[in-house]
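The structure under discussion appears below in the form of C-alpha cells.
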Amino acid sequence: MANNNQHNAQPDTTLTIAEERKAIFNALKQLAEPLSKVMPQTEVAIHDLSKLPNSIVAISGNVTGREEGSPATDMLLTEAANGRVRTQMNYHTKLPDGRELRSTTIAIPDSNGDVFATLCINSEVSVWHQISDIAEMMAGAAPEPQPKENFVQNVNELADLILDKAIEAQNVSVELMKKEHKLRALQIARDNGMFLLRDAADTVAERLHVSRFTVYNYLKELDEAAETQDQSTS
C-alpha cells in the first residue's frame, strides 16, 4: 500500500541565501527607475556589497555622474570595512562641484540578518538648502553639521581620497614622516576600507614611500598591537 504521506508531501520551496539575495536584487533593480522619478533631479543606486569597491549593480538618474560598475562612496566603504553598514535617513552631503544633496542609505539584510546590499537615494536640493541656511541665519540658529560623503567615478579616485585623508591627518609631509606617522596613516587607511581595493598594498607603499613588504610588516605590527590591547582590557 502506497504511503499517503508521500502523495501529500509538499515540494520544498525554501530558498538558499544565495537565491534569496538574487530575488531581492531583482526586486530592488525594478524599483530603481520608478523611485528616481518620484522627485526631480534624483538618483537611485543599488549596491551589492559582495562586489566592493565597484559595488553599483543598478543606477537610475544622473546626479553624481556614476554608472553601473562605479565604486561605492568613501562613507559606505568605511562602514563595510568595519562591518557596520546601517540605514541612514535624510542626511546632507555635497558633490565636488558644490551641488548639495539630500541622501538616504537603506541597508538591506537577508533572512540571516546579514546586510548584503544598500539602496541609496540622492536628490539635488541646493536651492532649498540655501533658503534653509538663510532662514537659520535670520533666526540665529547654527547650521546643522553635515556628514561627509564623497562620490567618486572610479577606484583610483577612491584610493586617492582615502590616502589623502590618512596622510593629512598626520600634519606632516610624507617626506618628513617617521615610522609612527606611517603606522597611524596606515591604520586610518585600513579603517576606511583601503584594503578592500585591488592592489591596495602597492598603492599604499607608493604613497607612503615604503616597500610593499614594509606595508605588510606594518599591518602585522598593527594587528599585534590591537591584540595586546584587547588582552590587557579583557
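What shape does the stretch 62-105 take by its C-alpha gyration tensor, where a ≥ b ≥ c are the square roots of the eigenvalues and a/c under 1.5 counts as rounded, a/b above b/c as prolate, and the rest as oblate?
It comes out oblate by the Cα gyration axes.
Using only the Cα atoms of the stretch 53-132, what do you get for the radius of gyration and for Dmax, in Å?
13.5, 44
Hey, what do the phi angles of the stretch 149-160 turn into as Karplus ³J(HN,Hα) couplings, whole Hz, using 6.51/-1.76/1.60 and θ = phi - 60°, x for Gly and Pro?
Computed from phi, the couplings for the stretch 149-160 are 9, 10, 9, 10, 9, 8, 5, 4, 4, 5, 4, 4 Hz.
If you roll a 1.4 Å probe over the heavy atoms of the protein chains, what accessible area per residue do you get for the stretch 158-212, in Å²?
Normalised by residue count, the accessible surface of the stretch 158-212 is 53 Å².
With θ set to phi - 60° and the Karplus curve 6.51 cos²θ - 1.76 cosθ + 1.60, what are the ³J(HN,Hα) couplings of the stretch 89-98 in order, to the nearest whole Hz, using x for Gly and Pro?
For the stretch 89-98, the Karplus-derived couplings read 10, 6, 9, 9, 8, 9, 7, x, 7, x Hz, x marking Gly and Pro.
Whole Å is fine, so just give me how far the alpha carbon centre of the stretch 171-233 lies from that of the stretch 66-121.
Cα centroid to Cα centroid, the span is 25 Å.
Rounded if a/c is under 1.5, else prolate if a/b beats b/c, else oblate: with a ≥ b ≥ c from the C-alpha gyration tensor eigenvalues square-rooted, which is the stretch 179-234?
Here the stretch 179-234 falls in the prolate category.
The values are calculated or read from the model by the stated rules, or taken from the named source; none is laboratory data. Not measured: the values here are computed from a predicted model. Side chains included, ligands, DNA and RNA excluded: accessible areas come from the protein's heavy atoms. Shrake-Rupley method; radii C 1.70, N 1.55, O 1.52, S 1.80 Å.
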